[in-house]
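A short reminder: the numbers here are calculations on the coordinates, not readings from a lab. All values derive from a computational prediction rather than experimental measurement. As a convention, Cβ positions derive from the backbone with ideal geometry for all residues, glycine included, and neighbour counts pool all protein chains shown.
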Amino acid sequence: MIAKFPDDPSTKFLGENNTVSVIGQEVGHRWLAYLQFSDHDRQPSNALLGRDQAHWSFFFNSDASVMEGNRIQDLGGGSFRTVAAVERYSLLDQYAMGLVRDIDVPPMFYVESPTNISNNAAPESAPRVGVTFSGTRRDVLINDIIEILGRRQPSAEASPNLYRQAFVFVVSRGRTASPTTTAKIDRIRRAWEPFYSQATDNRGRVDTRLQPGT
């Protein structure tokens, strides 16, 4: 399986994703993306969600979240364009992760009933930059999420911001991993740590070392 990942962890190979953004998505599933909210009719809604109801919708302006998210530019007049994808954990992501307070999450929006989509995307589609579409903008506040799910517990003040993670490579019985393969895994491991810090605006940190100083 490791062979399908590029030698350089920063190389795009899966749509808009590179190796570390894929890891970011898988790690993000510890908290994300399962958030319902109270919509403009004050009804519980999953409109922010896309694939498997566990990733962000293509039409949610998730600030280019690694959870299959786009950053969407409002062009005015009911027209929109995706301008970035899978770059970071948004402030909404970071709230769910326990890294920021609810009052730190800015207003958000999604596009309802999109039409004239330049690549025939659906809510569950993989993110893609440069897609244009039309529709109705619907604004969402963090309090709309809290209304359905309650406040995050524990709070940001009480949540950890450092996680220990190990990279494990499994081979079949009687085989050993080649030095080339282990070197590649180590490159990915070393790239993941700074990516996570950058993606959380330096609010979170991961330590992948099995022993201090390695």
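Some observations on this one:
- Candidate set: segment 62-96, residues that are of a type in the set (Ser, Thr, Tyr) and part of a strand (DSSP E or B); chosen: the one farthest from the chain's Cα centre (by Cα): Ser79
- Taking the criterion of being surrounded by fewer than 23 Cβ atoms within 10 Å (Cβ to Cβ) and either among the basic types (Lys, Arg) or in contact with a helix residue (DSSP H, G or I) (Cβ under 6 Å, 6 or more places away or on another chain) (or both), the residues of segment 56-87 that qualify are Arg71, Arg81.
- Pairs where the first residue, in segment 120-148, is at positive phi and the second is assigned to a strand (DSSP E or B) and of a type in the set (Val, Ile, Thr), C-beta under 7 Å, 6+ apart: Gly130/Thr82; Gly135/Val111; Gly135/Thr115
- Residue ID - surrounded by the most Cβ atoms within 10 Å (Cβ to Cβ), chosen from residues in segment 1-22 that are within 17 Å of Thr182 (Cβ to Cβ) and of a type in the set (A, V, I, L, M): Ile2
- Candidate set: segment 36-55, residues that are buried (at least 19 other Cβ atoms within 10 Å of the Cβ) and under 16 Å from the mean Cα position of the chain (by Cα); chosen: the one nearest to Ala166 (Cα to Cα): His55
- Lone unmet requirement of (1) in contact with a Phe, Trp or Tyr (Cβ under 8 Å, 6 or more places away or on another chain); (2) loosely packed, with under 14 Cβ neighbours inside 10 Å; (3) among the small types (Gly, Ala, Ser) for Ser155: (1)
- Residues considered: Thr115, Thr136, Thr132. Of these, the only one that is closer than 30 Å to Phe80 by Cβ and under 22 Å from the mean Cα position of the chain (by Cα) is Thr132.
- Residue list for segment 1-46, restricted to those being among the hydrophobic types (A, V, I, L, M, F, W, C) and within 20 Å of Asp102 (Cα to Cα): Trp31, Leu32, Ala33, Leu35, Phe37
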